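Some notes on the structure that comes next.
The values are calculated or read from the model by the stated rules, or taken from the named source; none is laboratory data. Note that the structure is predicted; figures quoted are calculated from it, not measured. With ideal geometry, Cβ positions are generated from the backbone for all residues, glycine too; neighbour counts draw on all protein chains shown. Side chains are part of the model used for accessible areas, which takes the heavy atoms of the whole protein and leaves out ligands, DNA and RNA. Shrake-Rupley method; radii C 1.70, N 1.55, O 1.52, S 1.80 Å.
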Amino acid sequence: ALLGDDSGRLYVLANFKMEPYAQLDYPVTSAVAIPLRALVDQDGPDVVVCATRSSMIYVLHAKEVVGAFAADFWPSAIDVLIPSSPEMRPTIVIAENKAVGTQVNACVLHKVAMHIKPVE
């Protein structure tokens, strides 16, 4: 399991111990791990995608930030859809809370296709 805190620290919970994984610039609100094998035809550490309490979304591999992008909204949750067909690529799904009138419970989903090249 992945856990984030208000200081931007990301931890991996394994065997009932919290192991430091990475330090990000913003508080972590949601994180998801994607098996590397789901992205490329090689084994290795999982790819981690994190949403933060800002518009920044980070992609990490082997405890290093390998990509980041600024959305035009603040993500409230993040998940990944891993297809059963090897011809298809995983898709990151990012939820955005939007205020509609006086209600704040509307949710908009954004999809981002993952295109990661193998490490050579």
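Could you give me the residue pairs with C-beta distances under 9 Å whose first residue belongs to region 65-82 and is acidic (Asp, Glu), whose second residue is exposed (fewer than 14 other Cβ atoms within 10 Å of the Cβ) and outside any strand (DSSP E or B) wherever it lies, and which are 6+ apart or on separate chains?
Nothing qualifies.
Restricting attention to region 2-26, which residues are outside any strand (DSSP E or B) and either open to solvent by less than 40 Å² (accessible area, probe 1.4 Å) or on the phi < 0 side of the Ramachandran plot (or both)?
Taking region 2-26 as the starting set, the residues that turn out to be outside any strand (DSSP E or B) are 5-8, 15-16, 24-26.
Scanning region 2-26 gives ASP5, ASP6, SER7, GLY8, LEU24, ASP25, TYR26.
In contact with a strand residue (DSSP E or B) (Cβ under 9 Å, 6 or more places away or on another chain) and within 18 Å of ARG89 (Cα to Cα): which single residue out of LEU36, LEU10 fits that description?
Only one candidate passes the filter, namely LEU36.
For region 7-26, what are the residues that are over 15 Å from ALA68 (Cβ atoms) and touching a residue at least 24 places away in the same chain (Cβ under 8 Å)?
Pass one, region 7-26, residues over 15 Å from ALA68 (Cβ atoms): 7, 9, 11-21.
Hit for region 7-26 is TYR21, nothing else.
Being touching a Leu at 6+ places or on another chain (Cβ under 8 Å) and either part of a loop (DSSP other than H, G, I, E, B) or over 18 Å from ALA1 (Cβ atoms) (or both) is the requirement here; does ARG89 meet it? Break it down stepwise before answering.
On the way: touching a Leu at 6+ places or on another chain (Cβ under 8 Å): yes; either part of a loop (DSSP other than H, G, I, E, B) or over 18 Å from ALA1 (Cβ atoms) (or both): yes.
When the stated conditions are applied, ARG89 passes them.
Among residues belonging to region 27-38 that are under 20 Å from PHE69 (Cα atoms) and of a type in the set (Gly, Ala, Ser), point out the one that is surrounded by the fewest Cβ atoms within 10 Å (Cβ to Cβ).
Only one residue fits best here, namely ALA33.
How about region 83-97: which of its residues are open to solvent by 80 Å² or more (accessible area, probe 1.4 Å) and either touching a residue at least 12 places away in the same chain (Cβ under 8 Å) or touching a Pro at 6+ places or on another chain (Cβ under 7 Å) (or both)?
At the first step, the residues of region 83-97 found to be open to solvent by 80 Å² or more (accessible area, probe 1.4 Å) are 84, 86-89, 97.
Answer for region 83-97, where residues must be open to solvent by 80 Å² or more (accessible area, probe 1.4 Å) and either touching a residue at least 12 places away in the same chain (Cβ under 8 Å) or touching a Pro at 6+ places or on another chain (Cβ under 7 Å) (or both): ARG89, ASN97.
Counting just the residues of region 39-53 that are touching a residue at least 24 places away in the same chain (Cβ under 8 Å) and closer than 18 Å to VAL12 by Cβ, which one comes out surrounded by the fewest Cβ atoms within 10 Å (Cβ to Cβ)? Don't jump to the end; show me each part of the working.
Taking region 39-53 as the starting set, the residues that turn out to be touching a residue at least 24 places away in the same chain (Cβ under 8 Å) are 39-42, 44, 47-53.
When the remaining residues are screened for being closer than 18 Å to VAL12 by Cβ, the result is 44, 47-52.
Values: GLY44: 14, VAL47: 23, VAL48: 22, VAL49: 24, CYS50: 26, ALA51: 27, THR52: 23.
Result: GLY44.
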